[in-house]
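Asker: Before anything else, here's the structure in question.
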């Protein structure tokens, strides 16, 4: 049984309405021993208009409130579950100096580096695909990812490497099944995997891929297999759960896959240090 969920969200993220307490209570009920809160900090994410007519970035964290809340809950639940303080950074060129300052000055347990934007736009939104060619957008996404993890290296795991495939739409704007061939993009994916290995970072196995109806987690099982073949050893496992029902999503299926690929365990991070948990 996988006993750690290292990628979760709460109401501190603009895309969740779930209080952290609800997430923790669910994690305990599932038998998890380690639970990491990794709410979004996506500087320069496209702004939206709130109910008062103000332009806001919904993925800008209130850090004093965030840290205070997590620290209180660590004490409250210390005898039931190990709560870890994490963050998911949405990488973009302009944000790198601010992210470096953020992780240097604060005591995070775990830092996820993710790419959510392609030249300032998120492929999560259907309208993105009305103006972008599928192959060109995917190519650009992977190019940005390699560029970002080359320029910003103060992270612990690379989040949902093939995130873009969750949301691909066809020319008519209809969702596709998100399946793809690793071989088609190997020349773009392999340098990313090699950079992670060179930096001694972890590759995140994000089970939200299953939730979105894909045949594999993010990244695809063939990408995970390639990572291992290239010498990659460190992996973290996260549900990317924004609601209690999504925590530890299909962890049993994920565990079976990783054992099939001959991984003998996975990692959690405490005080930015990797700790191996064997299967």
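Asker: Please report 139, 18 as a ranked list, fewest other C-beta atoms within 10 angstrom at the top and most at the bottom.
Answerer: The most exposed by this proxy come first: 139, 18.
Asker: Would you list 121, 91 from fewest to most Cβ contacts within 10 Å?
Answerer: 121, 91
Asker: Once every DSSP H run of n ≥ 4 in the chain is given -39500 (n - 2.57) and the sum is divided by its residues, what mean residue ellipticity at 222 nm do you get, rounded to the nearest 500 deg cm²/dmol?
Answerer: Counting only the DSSP helices, I get -9500 deg cm²/dmol.
Asker: Next up: Restricting the calculation to Cα positions, tell me the Rg (one decimal) and the Dmax (whole number) of the chain in Å.
Answerer: 17.8, 53
Asker: Can you give the Rg to Rh ratio for the stretch 1-80, taking only C-alpha atoms and Rh from Kirkwood?
Answerer: Taking Rg over the Kirkwood Rh, I get 1.04.
Asker: How many times 2.2 N^0.38 Å is the alpha carbon radius of gyration of the stretch 103-238? Write down the numbers at each step before the final one.
Answerer: On the way: Rg = 14.7 Å, N = 136, 2.2 N^0.38 = 14.2 Å.
Ratio of Cα Rg to 2.2 N^0.38 Å: 1.03.
Values quoted throughout were computed directly from the atomic coordinates according to the rules given, and no laboratory measurement underlies them. All values reported here derive from a predicted model rather than from experimental measurement. As a convention, Cβ positions derive from the backbone with ideal geometry for all residues, glycine included, and neighbour counts pool all protein chains shown.
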